[in-house]
Amino acid sequence: MKKVVLIGSGGSGKSTLATRLGEAVDLPVWHLDQLLWKPGWVLVEREEIYGIQRRLISGERWIIDGNYGSTMELRMDASDTIIFLDLARWRCSYRAMKRMLRYHGKSRPDMREGCEERLDLTFLKWIWQYPKEKRPGILQKLAAYSGEKTIIHLKNPREVRNFLKNAKTYKEASA
């Protein structure tokens, strides 16, 4: 486990897991939300989105968290491990609302400065529709990569905790 892609619905805990996993297995962590947004919630240009990610995946070791479907395969192709946080939509929605309240008017630690957290009904709708709209395509991608990559499909907080508890084992196995 040296090149890890971490995907999942908003509110699933991608950034939190990426940070904790990075600490556990001593890998640098890159949060795409932090890199691809300019202050005021302005998304960087398409060419820059690709350029940033090409630079990240050219590294020897990394964890990259974030969805960004248009470039997901770029990251998956370069990875040796894909982690899919596939938590229930009610849990993701609850966590996202909790996060919105906690950081309202401030930038989260995993976001670029100047991207203040706000109540975003479009984002909550995206989270709610994720299992129907996005999940099937992700499961297809995971199936396509299953022969060549380590696929870790985590479906609830207990599985996430157990995975983190055993993360050192993954580090030793890939050393």
For this session: Under 1.5 on a/c is rounded, so check that first for the chain, then, if it is not, pick prolate when a/b is larger than b/c and oblate when it is not; a ≥ b ≥ c are the square roots of the alpha carbon gyration tensor eigenvalues.
Result: rounded
For this session: Note the full-extension length gain between W126 and M97 as 0.36 nm times their separation in residues minus their Cα-Cα distance, in nm to one decimal.
Result: 9.2 nm
Exercise. Over the chain, what relative contact order in percent results from Cα pairs under 8 Å that are six or more residues apart?
Worked result: 34
For this session: Sort the following peptides by mean Cβ neighbour count (other Cβ atoms within 10 Å, averaged over residues), highest first: 41-54, 151-164.
Result: 151-164, 41-54
Seminar exercise, completed: So, over other residues within a Cβ distance under 12 Å of W30, counting Lys, Arg +1 and Asp, Glu -1, the net charge is +2
For this session: Once you have the Cα-Cα distance between R161 and R118, take 0.36 nm times their residue separation minus that, and quote the gain in nm to one decimal.
Result: 12.6 nm
Seminar exercise, completed: Which residues qualify? For H153, with a placed amide H closer than 5 Å and at least 5 residues away or on another chain, they are F84
Problem set entry | Above-threshold pairs, the threshold being 24 Å between Cα atoms, out of K134/K165; K98/K168; K3/K168; K2/K141; K38/K106 | K134/K165; K98/K168
For this session: Please list, in chain and number order, the residues 5+ apart from K3 or on another chain whose amide H is under 5 Å from its amide H, with Hs placed from the backbone.
Result: W62, D80, T81
For this session: Multiply the residue gap between S146 and K106 by 0.36 nm, knock off their C-alpha separation, and tell me the result in nm, one decimal place.
Result: 10.5 nm
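Bear in mind these aren't lab numbers, they're just calculated from the coordinates by the rules spelled out. It should be emphasised that the depicted structure is a prediction, and the values quoted were computed from it without experimental measurement. Glycine gets a Cβ as well: all are built from the backbone with ideal geometry, and neighbour counts include every protein chain shown.
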